[in-house]
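Take a look at the structure below.
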Amino acid sequence: MKRDSIKTDGFFRMGLAIGFSTLMSLTPVLAEDLIRPIPPQNTVLSPKEALGKQLFMDPRLSKDGTVACVSCHNLAYGGADSEAVSTGVGGKKGTVNSPTVFNAANNLAQFWDGRAKDLKAQASGPIMNPVEMANTPETVINVLSKDPHYQKRFGEIYPKTGLTVDTITDAIAAFEKKLMTPNARFDRYLKGDSKMLSPKEKEGYALFKNYGCISCHNGMNIGGNMYQRFGVFMQYKDRHNTLGRFSVTGKEEDKYFFKVPSLRNIDKTAPYFHDGSAKTLEEAVQKMGYYQLGRKLSREDIDKITAFLRTLSGELPDHVK
Ligand code: HEC
Ligand code: HEC
């Protein structure tokens, strides 16, 4: 496979945007090394992972028994929901779009602003979140302990502690680590099978590199490994409904920074952006060109880039099929 290095124009613009020191550390790297395939995963669930799956599907985790994790993270499709912002118990609307749980374990942190350091720390968030599952630690434990099946499983898997918020989130996190989607056509292309992409998709990938999309969307998840400002060349500021990373660090320079989302399975997770404002993938790409790169991308380029992005959908693990 031809391993072309990243072209200069997009990178020059990105240098202006994200600082030349970051740029210099990326420039010598070959583009193919910036994106890594997802390794194959054993999809047989251990007892702990199977328990985590049951909890993920169980609406009893919510205050009124109506909302499960899977309600907003549909595992049969993209691992997210199809609303701009999610609906929790009693029809209450949240403020941000639900990201996918597929491959989330590969992200540097969880949530749009990265406020949870890992999946275990993340999992108690929605259970206690007033608009999502609106529960309390006491009620969750009380309700789940009444189920003899859970009593038995937690006793076997966590003999020292049994059923606690800590073990609930531990089991859920273990399950979520089994939500990788390997073997996307693009991954197979990266591994050397150049026939996996059509000429148009290859052109889309070339544009993705040359425009500099790859400087923010890279790594195994093609995203998920850094925070960047939404609105680099053009102000998106007034339209934000949250301050992003600033809410976590309190640092002025982190205002409107968000975890760069993974682009894996992106054709299955519309609508897009933390506010769910982009209804289609084409619209998201057009806005990225405008706000992040200061460019008006042509319809033809948008078409090629989205064709490339559609090659990033991998295989769902057997246990969710
Ligand atoms: C009412 C809808 C809803 C429910 C129920 C829900 N989530 Fe989420 N989930 C969201 C939204 C919205 C976000 C983004 C919130 C944010 O970033 O502030 C999110 C974020 C996440 C993330 C972070 C992904 C990333 O890349 O940052 C994970 C993992 C996750 N949820 C897992 C779960 C688990 C596990 C449960 C059940 C315990 C659950 N969710 C229940 C809507 C929901
Ligand atoms: C300066 C860094 C940066 C560059 C360059 C960049 N992006 Fe993004 N991208 C982001 C951030 C940050 C977000 C999340 C924005 C938000 O919703 O807050 C994002 C979101 C997206 C989304 C929506 C993902 C979702 O799940 O909602 C898509 C699609 C996307 N980018 C594609 C692209 C493409 C294609 C390019 C090149 C034309 C590009 N990006 C260039 C940082 C960048």
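The table below gives the values:
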read-out	value
Test: residue in the range 77-87 that is within 16 Å of ligand 2 (Cβ to nearest atom) and among the β-branched types (Val, Ile, Thr)	yes
Per-region count, the range 35-73, residues closer than 22 Å to Phe154 by Cα, surrounded by fewer than 17 Cβ atoms within 10 Å (Cβ to Cβ) and within 11 Å of ligand 1 (Cβ to nearest atom)	2
Ala171 being open to solvent by less than 30 Å² (accessible area, probe 1.4 Å) and within 29 Å of the chain's Cα centre (by Cα)	yes
Evaluation of Thr269 against (1) open to solvent by 30 Å² or more (accessible area, probe 1.4 Å); (2) farther than 21 Å from Asp118 by Cα; (3) of a type in the set (S, T, N, Q) (one fails), failing number	(1)
Subset of the range 88-138 that is within 16 Å of ligand 2 (Cβ to nearest atom) and out of contact with any strand residue (DSSP E or B) (no Cβ under 9 Å at 6 or more places or on another chain) - its residue that is modelled with the lowest pLDDT	Thr95
Residue within the range 139-162 that is polar (S, T, N, Q) and surrounded by 21 or more Cβ atoms within 10 Å (Cβ to Cβ) present	no
Residue ID - farthest from Thr242 (Cα to Cα), chosen from residues in the range 260-303 that are among the β-branched types (Val, Ile, Thr) and within 16 Å of ligand 1 (Cβ to nearest atom)	Ile266
Enumeration of residues in the range 185-215 that are buried (at least 22 other Cβ atoms within 10 Å of the Cβ) and outside any helix (DSSP H, G or I)	Tyr211, Gly212
All positions within the range 248-266 that are among the acidic types (Asp, Glu) and open to solvent by 50 Å² or more (accessible area, probe 1.4 Å)	Glu252, Glu253
Residues being acidic (Asp, Glu) and either in contact (Cβ under 8 Å) with a residue 60 or more places away in the chain or out of contact with any strand residue (DSSP E or B) (no Cβ under 9 Å at 6 or more places or on another chain) (or both) - total across the range 254-293	3
Residues of the range 93-107 classified as in contact (Cβ under 8 Å) with a residue 40 or more places away in the chain and more than 8 Å from ligand 1 (Cβ to nearest atom), total	4
Residue count, the range 295-321 (criterion: in a loop (DSSP other than H, G, I, E, B) and open to solvent by 30 Å² or more (accessible area, probe 1.4 Å))	6
Subset of the range 216-239 (residues that are within 16 Å of ligand 1 (Cβ to nearest atom), outside any loop (DSSP other than H, G, I, E, B) and open to solvent by 10 Å² or more (accessible area, probe 1.4 Å))	Tyr227, Gln228
In the range 74-90, the residues that are among the small types (Gly, Ala, Ser) and buried (at least 20 other Cβ atoms within 10 Å of the Cβ)	Gly78, Gly79, Ala80, Ser86, Gly88
Close pairs from the range 119-145: first in a helix (DSSP H, G or I), partner acidic (Asp, Glu) and within 11 Å of ligand 1 (Cβ to nearest atom), Cβ under 6 Å, at least 6 apart	Leu119/Glu176; Pro126/Glu132
Residue list for the range 264-312, filter: among the polar types (S, T, N, Q), touching a helix residue (DSSP H, G or I) at 6+ places or on another chain (Cβ under 6 Å) and under 25 Å from Leu190 (Cα atoms)	Thr306, Thr311
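The values are calculated or read from the model by the stated rules, or taken from the named source; none is laboratory data. Every value quoted in this text rests on a predicted model; they were computed, and no experiment measured them. Every residue, glycine among them, receives a Cβ derived from its backbone with ideal geometry; neighbour counts consider all protein chains shown. All accessible areas refer to the heavy atoms of the entire protein, side chains included, with ligands and DNA or RNA removed. Shrake-Rupley method; radii C 1.70, N 1.55, O 1.52, S 1.80 Å.
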